[in-house]
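Here is the structure we will look at.
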Amino acid sequence: MRALNLQPQTLSLAERLADLAVDALIDEADLSPKPALVDRRGSGAHTDLHLGLMHASALSLWPAFKEMAEAALVCGEIGLPLREALGRIGREGEAAMLATTGGVNTHRGAIWALGLLVAAAALEPESNVAGAVTLRAARLALLNDRYAPQPLSHGAQVAQRYGARGAREEAQLAFPAITGLGLPQLKRSRAADAGEQNARLDALLAIMTTLADTCVLYRAGEAGLHAMQQGAQAVLAAGGSATLAGRRQLHALDQQLIALNASPGGAADLLAACLFLDRLERGDGLVPGVC
Ligand SMILES: CC(C)(COP(=O)(O)OP(=O)(O)OC[C@H]1O[C@@H](n2cnc3c(N)ncnc32)[C@H](O[C@H]2O[C@H](COP(=O)(O)OP(=O)(O)OP(=O)(O)O)[C@@H](O)[C@H]2O)[C@@H]1O)[C@@H](O)C(=O)NCCC(=O)NCCS
Ligand SMILES: Nc1ncnc2[nH]cnc12
């Protein structure tokens, strides 16, 4: 019989960043009760998604995130070679996700946002403040990947129909929904002793108050987007997820968005990116050496 190997393992920076990204995705999926999204209670507005699938999808993306961080370390600077490497790895990551989920799009937006952020973090590991990391990610997002296919995605269709800014523009603007809304709300709610899960719910709601979520627009049009933004604002105005009044508003928002088939998948992806940046700033899991 072999003895259990309790030797500490040394992980590379790329591996630790991939761990942080996957942890953020799993924390987002588990967070409950999220309005109309997959969580521990159920599938929200979705018929083809469930929590196990979200976990499997998150885990399937670990090699892609690691490879993106490694590409950043090899290239060493922001430029077309890195942007195009990220595009190629991102497309391979999407293929791995779809193979895992049987063709269901679980995390397309998250691959995009977290992929850029993982690469931006790897480029300058000492410069880990959210504002600096998102600015580097934006500079990458502004570069044009010559090999990117131009499919008529849901995001592209609602951009045509409503002129909405989607995932690409959010990244190119350095993730204002995260740095201006999600992260500050996360910190405010923590400071008010809301409890970690409530603080994360409040961060998601803060993102939902203004985001042009192309997932919601595609499924429920402008009425759905309006309901999402107003409803999220109402929860926060009532005192947030930690209060009874806020919880009542949150329940009402959940019911309303499910009735409209309006799933805020883009906001969920940005919450995962927000949790990643928060952990990065705090140095969680990134202490060099032993894990
Ligand atoms: C540049 C891309 C991001 C492509 O963007 P585009 O808008 O053209 O493409 P979409 O396929 O619509 O994907 C964008 C996904 O981003 C999320 N999102 C939506 N709004 C926003 C926003 N305002 N800001 C940030 N992120 C946003 C959202 O992802 C979530 O929703 C997904 C489910 O959406 P959908 O497929 O519409 O699903 P359903 O309605 O459920 O479909 P049916 O059931 O009806 O069939 C879910 O997966 C969440 O992740 C949008 O979906 C980028 O993706 C790209 O160019 N990729 C190519 C590779 C690459 O370059 N990678 C770079 C690596 S760093
Ligand atoms: N929890 C979630 N539910 C539905 N779609 C999502 N996309 C990303 N996270 C999601």
Check: Taking 1 over the mean of 1/r across every pair of different Cα atoms in the stretch 54-190, what Kirkwood radius in Å do you get?
Finding: 15.6
Note to self: I'd like the Karplus ³J(HN,Hα) series for the stretch 256-267: coefficients 6.51, -1.76, 1.60, θ = phi - 60°, whole numbers in Hz, and an x wherever there's a Gly or Pro.
What the structure shows: 5, 5, 5, 4, 8, 6, 9, 9, x, x, x, 5
Next item on the list: Could you check the simple spin-label distance between Gln150 and Glu222, using points 7 Å along Cα→Cβ, in nm with one decimal?
Entry: 2.7
Item checked: the chain - convex hull of the alpha-carbon atoms, volume per residue in Å³ -> 143
Item checked: Efficiency of FRET from Cβ geometry, Leu142 and His251, R₀ 30 Å, rounded to 0.05 -> 0.15
Check: If you line up the long axis of helix 108-123 against the longest principal axis of the chain, both from Cα atoms, how many degrees apart are they, to the nearest 10?
Finding: 40
Next item on the list: With +1 on each Lys and Arg Cβ and -1 on each Asp and Glu Cβ, and nothing else charged, work out how big the dipole of the chain is about its Cα centre, in Debye to the nearest 20.
Entry: 380
Margin query: Sequence gap at least 6, Cα distance under 8 Å: using those rules, report the relative contact order of the stretch 82-139 to the nearest whole percent.
Written below: 26
Check: With each run of n ≥ 4 DSSP H residues scored as -39500 (n - 2.57), what mean residue ellipticity at 222 nm is computed for the chain after dividing by its residue count and rounding to the nearest 500 deg cm²/dmol?
Finding: -21000 deg cm²/dmol
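Coordinate-derived values only; no laboratory data. Nothing here was measured: the structure is a model prediction, and the numbers come from that model. Cβ sites come from the backbone with ideal geometry, for glycine too, and all protein chains shown count toward neighbours.
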